[in-house]
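Colleague: Okay, handing you the structure first.
What follows is calculated from the coordinates using simple rules that are stated; it is not laboratory data. Remember, predicted model here, so these are calculated numbers, not experimental data. Note: ideal-geometry Cβ built from the backbone for every residue, glycine included; neighbour counts use all protein chains shown.
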Amino acid sequence: MKLRRPSLPYIAWMVVFTLIPILLIGFYAFTDSNGAFSLEAFGKAFGYMNVFANSLWIAFISTLICLVLAYPLGYIISRQKQSTQNILTMLIMIPMWMNFLLRIYAWVTLLQNNGPIDTMLSFIGIHTNLLGNRGAVILGMVYEYLPFMILPLYTVMSKIDNRLVEAAQDLGANKSEVMGKVIFPLSVPGIISGVTMVFVPSASTFLVSQYLGGTNDIMIGDVIDKIFWSDHNTGSAIALVLMVSIFAFLIILNFFGDEEAIS
C-alpha cells in the first residue's frame, strides 16, 4: 500500500517521538547497566508494587469523581442552544490554557495553612490540614482532568437525535426512564472516551502528589521521575509495567464498549 505524502510527517513524528522511545524503554528494561540481557530491573520494579497499586487506586477514584461530575454537566451543556454551548465549552477549556504546574501552584496557595480556604474554615471553627494528604491529591487530579471527561461526554450527547427522546416520551417513558434507556446507552462511547482520557494520565502523572500530597501519597510517575536518571534500567522496567497495565485496561474498557454496542 502506497503512503500518501500528507501522511509522511505524521508517520515520521510517530516514529521519532513514540516508537523509538518505546523501543528504548524496552531495551533498558530487559538489560543491565552493561547492556547485557537481564531481568534484574523487573525484580527491582516489583518492589514498588505498593506505590503502583496506590497510583491506580488514586487514578480510579479521581476518574470516578470526574465521571460523576462531568456526566450531568455534559448533559446540561448539550441541551443548551448552540451559542450557550460555545460559551460553556470555552469556559471549561480556558483553565487548560494555563501551564499544568501553575495550576498546581494555585491549589497549593489555596490549600496551604493560613491560605484563603483555611482562613475561611478557621473563621467558622473548622481547623484541619487541607494540604499534604490524599484528598488534596485527588482534588488536584479532578481539577486537572475534569475537562477531559466533560468534553467527550458533551460531544457525544450533543449528537443524540432528540427525536429518540421525543419518541420515548410519546411511548410513556418518564424522565428517569428516558435517561436510563435512551440517553445513557447512547452516551456510552463518550463515557469510554472520557474514562480513557482521565484514567491514563491520572495513573502515570507526577508532580501533583509531590506538591499536594504527603509521604504516603507518592505516585508511580514520581518514582519513575526520581530514579530514571540514576537507574535507567529500573525506571524503564517500571514504565514498561505501567504501560502494559494501562494497555490491558484499555483493552478491557473497549471490550465492554463493544459489548454495549452489540446489545
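Colleague: For segment 83-105, indicate whether the set of residues that are free of Cβ contacts under 8 Å to residues at least 12 places away in the same chain, of a type outside the set (Val, Ile, Thr) and on the phi > 0 side of the Ramachandran plot is non-empty.
Modeller: no
Colleague: Has segment 132-139 got at least one residue that is on the phi > 0 side of the Ramachandran plot, within 22 Å of the chain's Cα centre (by Cα) and not in a helix (DSSP H, G or I)?
Modeller: Yes, there is a match, as at least one residue in segment 132-139 is on the phi > 0 side of the Ramachandran plot, within 22 Å of the chain's Cα centre (by Cα) and not in a helix (DSSP H, G or I).
Colleague: So, in segment 39-79, how many residues would count as being more than 27 Å from the chain's Cα centre (by Cα) and free of Cβ contacts under 8 Å to residues at least 12 places away in the same chain?
Modeller: 2
Colleague: Oh, and also: Within the set of pairs 6 or more residues apart or between chains, which connect a residue that is in a helix (DSSP H, G or I) inside segment 8-26 to a residue that is among the polar types (S, T, N, Q) and surrounded by 11 or more Cβ atoms within 10 Å (Cβ to Cβ) with Cβ atoms less than 9 Å apart?
Modeller: Leu24/Ser236; Ile25/Ser236; Gly26/Ser236
Colleague: Enumerate the pairs (first residue in segment 225-240 and farther than 11 Å from Gly26 by Cβ; second residue anywhere and crowded, with 17+ Cβ neighbours inside 10 Å and not hydrophobic (A, V, I, L, M, F, W, C)) with beta-carbon separation below 7 Å, excluding pairs fewer than 6 apart on the same chain, so at least 6 apart or on different chains.
Modeller: Ile227/Thr234; Ile227/Gly235; Phe228/Gly235; His232/Tyr28; Asn233/Tyr28; Asn233/Thr31; Ile238/Tyr48
Colleague: Between a residue in segment 119-138 that is touching a residue at least 40 places away in the same chain (Cβ under 8 Å) and any residue that is of a type in the set (S, T, N, Q) and assigned to a loop (DSSP other than H, G, I, E, B), which pairs come within a Cβ distance under 7 Å, given they are 6 or more apart or on different chains?
Modeller: If the second residue must be of a type in the set (S, T, N, Q) and assigned to a loop (DSSP other than H, G, I, E, B), the pairs left are Leu131/Gln112.
Colleague: Within segment 199-247, track down each residue that is under 21 Å from Leu130 (Cβ atoms), more than 14 Å from the chain's Cα centre (by Cα) and assigned to a helix (DSSP H, G or I).
Modeller: Ser209, Gln210, Tyr211, Leu212, Asp222
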